[in-house]
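The values are calculated or read from the model by the stated rules, or taken from the named source; none is laboratory data. The model shown is predicted, which means the values in this text are computed figures rather than measured ones. Here the Cβ positions follow ideal geometry from the backbone for every residue, glycine too, while neighbour counts run over all protein chains shown.
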Amino acid sequence: MTGDPGFSNAIIEVPQAEAAAGTTKVVWSPVHGPLNVVVPPGTVDGAVVVVQTPTAGNVAVTVRVSSPFPPPAPFAGVPASDQPVPGYPPPGQQPFPGQQPFPGQQPFPGQPYPPVGPPAKPSNALRNSLIGGGLAVVLVLGCCVGVRVLGGSGDGDGDDKRAGSSAGASPGAAPLSPEQYAQALASADTAIGSAFGRLNTADSAAFAKAAPAAAAAIRAESAKLTGIAPPAGAESAHEQLTLELDSMGDMIEDSASAKLDCPAASPWTSLLQSGWAEGIREDVKKLAVADPAYKFGRFLPAPPKETKRRLKTGTFLKRSNSGGSGHLKIKNGADDITVSLVPTKGKKPKPVLTVYVRGGGTYTARGIRDGTYRVYTASGVDWNAAKKGFTRDCAFSKFDDTFKFTTTSFSASIWTITLTPVVGGNASTTDVDPNAFPN
């Protein structure tokens, strides 16, 4: 049960001069933080640069090269369409409705003049945007990665921040003294801490309930920090900190409303292990280098270590059907998996058995009563015994064919399923919504 790694996609804009000389940009991923994009000298518009990441595969970055030339200026002396031209129209002739000739020009009989008016203002569209990337999958989890594309060499210009936090410090504002700046950091840290601490729960519903207040508190304090000018030496880390605080607020809000790929996972753990959380920790270290008095991030605990809990092959999570003569032999592939046998009859049938099989393992479930069943599988990493599910890299699927078990006086059904792609295989599968998976 494996799938080919796919690509996350992003778009980044580079001025023509930088594309000609070569430069370095940064793509921000909410899961893996900053990814350096090296734009080679002579890069042309539409070129694709592939950035390799240690855990998320490849990120394909499309380079858009912007032109250095401004739009042409409008013709001088051309009046707006609603302004009459002295001496026009000539006596006895009517102009085309809503249009005027150029000064000094006579109309050709019977022909209207083209419309004349002020030129349209050049579009000033948002340079930075969120790009959604998805990994192509067969039977494994499709992981959506949102990436934030930044200009410059790593310090975002803040165009993609929410209203109220993108204005930046007032032009000409005097930088705060080190003492004032340290106090501002401490105040923001304390204000975030109370709401953020309520996210520390293993219950997904409780996390979702606390998420809006935590996201709002983070954005409010980020806006305050964005509006001040930090002391010399802290500018870069300060700018990065406000960007990552805003992005963490977005992540918290999205996590509260999104369906979990692994329902047994902890949103709190995922948040602490995210790239945005790690980015904040790194910025805190940089601020401390600039001045040990600059302290921030007490609200953010250290990331918990990843665990890889497993059950033994043949461990039954559920068994309500026994005493029959049927056998189901399971030959597993690389991933740990649970296999559920579900009757086809009934409005919402429940599994009659669910058994755990480790990656590479083989197990035969015996004593299955006669009937027609469908086989469901759930694979992943790190088994949460309390929630009875995997916490990472989850995939949920079902076999499209049904399995009929019958017993006669001289025979009984023995089915064998192989949970890995094989040449000549004859069993297709379909992905299943984790929230609709039979338990």
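Name the residues in the stretch 347-370 that are in a loop (DSSP other than H, G, I, E, B), touching a strand residue (DSSP E or B) at 6+ places or on another chain (Cβ under 6 Å) and touching a residue at least 40 places away in the same chain (Cβ under 8 Å), would you?
Let us first name the residues in the stretch 347-370 that are in a loop (DSSP other than H, G, I, E, B), namely 347-352, 358-361, 369-370.
Now drop any that are not touching a strand residue (DSSP E or B) at 6+ places or on another chain (Cβ under 6 Å), which leaves 349, 351-352, 358-359, 361, 370.
PRO349, PRO351, ARG358, GLY361, ASP370 - these are the residues of the stretch 347-370 that are in a loop (DSSP other than H, G, I, E, B), touching a strand residue (DSSP E or B) at 6+ places or on another chain (Cβ under 6 Å) and touching a residue at least 40 places away in the same chain (Cβ under 8 Å).
Just a yes or no: is a residue in the stretch 172-186 under 30 Å from ASN384 (Cβ atoms), assigned by TED's automatic domain parsing to the domain that holds PRO301 and not acidic (Asp, Glu)?
Quick first cut of the stretch 172-186, residues under 30 Å from ASN384 (Cβ atoms) only: none.
Within the stretch 172-186, not a single residue is under 30 Å from ASN384 (Cβ atoms), assigned by TED's automatic domain parsing to the domain that holds PRO301 and not acidic (Asp, Glu).
Out of the residues in the stretch 331-342 meeting the condition of being among the aliphatic types (A, V, I, L, M) and closer than 12 Å to SER379 by Cβ, tell me which one is modelled with the lowest pLDDT.
Within the stretch 331-342, the subset among the aliphatic types (A, V, I, L, M) is 334, 337, 339, 341-342.
Filter again for closer than 12 Å to SER379 by Cβ, leaving 334, 337, 339.
Numbers: ALA334: 89, ILE337: 97, VAL339: 97.
Only one residue tops the list, namely ALA334.
Could you tell me whether ASP203 is under 24 Å from SER274 (Cβ atoms) and surrounded by 22 or more Cβ atoms within 10 Å (Cβ to Cβ)? Break it down into steps so the answer makes sense when it comes.
Details: under 24 Å from SER274 (Cβ atoms): yes; surrounded by 22 or more Cβ atoms within 10 Å (Cβ to Cβ): no.
So ASP203 does not fit the description; no.
May I ask you to say which residue of ASP433, ASP401 is farther than 17 Å from SER325 by Cα and either of a type in the set (Gly, Ala, Ser) or more than 32 Å from the chain's Cα centre (by Cα) (or both)? If you could, list the steps in order and put the result at the bottom.
Working: ASP433 fails: either of a type in the set (Gly, Ala, Ser) or more than 32 Å from the chain's Cα centre (by Cα) (or both).
Sole residue among the options that is farther than 17 Å from SER325 by Cα and either of a type in the set (Gly, Ala, Ser) or more than 32 Å from the chain's Cα centre (by Cα) (or both): ASP401.
Conditions first: (1) more than 25 Å from THR354 (Cβ to Cβ); (2) surrounded by fewer than 20 Cβ atoms within 10 Å (Cβ to Cβ); (3) in contact with a Ser or Thr (Cβ under 9 Å, 6 or more places away or on another chain). THR307 passes all but one, so which condition is the exception?
Among (1) more than 25 Å from THR354 (Cβ to Cβ); (2) surrounded by fewer than 20 Cβ atoms within 10 Å (Cβ to Cβ); (3) in contact with a Ser or Thr (Cβ under 9 Å, 6 or more places away or on another chain), the lone unmet condition for THR307 is (1).
Might you check whether a residue that is surrounded by fewer than 15 Cβ atoms within 10 Å (Cβ to Cβ) and of a type in the set (Asp, Glu) occurs anywhere in the stretch 206-227?
Scanning the stretch 206-227, I find no residue that is surrounded by fewer than 15 Cβ atoms within 10 Å (Cβ to Cβ) and of a type in the set (Asp, Glu), so the answer is no.
Could you tell me which residue of the stretch 273-296 is surrounded by the fewest Cβ atoms within 10 Å (Cβ to Cβ), considering only residues that are part of a loop (DSSP other than H, G, I, E, B) and modelled with pLDDT of 95 or more? So that I can check it myself, show each step before the final result.
Just the residues of the stretch 273-296 that are part of a loop (DSSP other than H, G, I, E, B), to begin with: 273-274, 291-296.
This time we only want the ones that are modelled with pLDDT of 95 or more, so: 291-296.
Values: ASP291: 15, PRO292: 9, ALA293: 14, TYR294: 23, LYS295: 14, PHE296: 24.
The selected residue is PRO292.
Mind checking whether some residue in the stretch 332-343 is within 30 Å of ASP189 (Cβ to Cβ), within 27 Å of the chain's Cα centre (by Cα) and among the aliphatic types (A, V, I, L, M)?
The first filter runs over the stretch 332-343 and keeps only residues within 30 Å of ASP189 (Cβ to Cβ), leaving none.
The answer is no; no qualifying residue exists.
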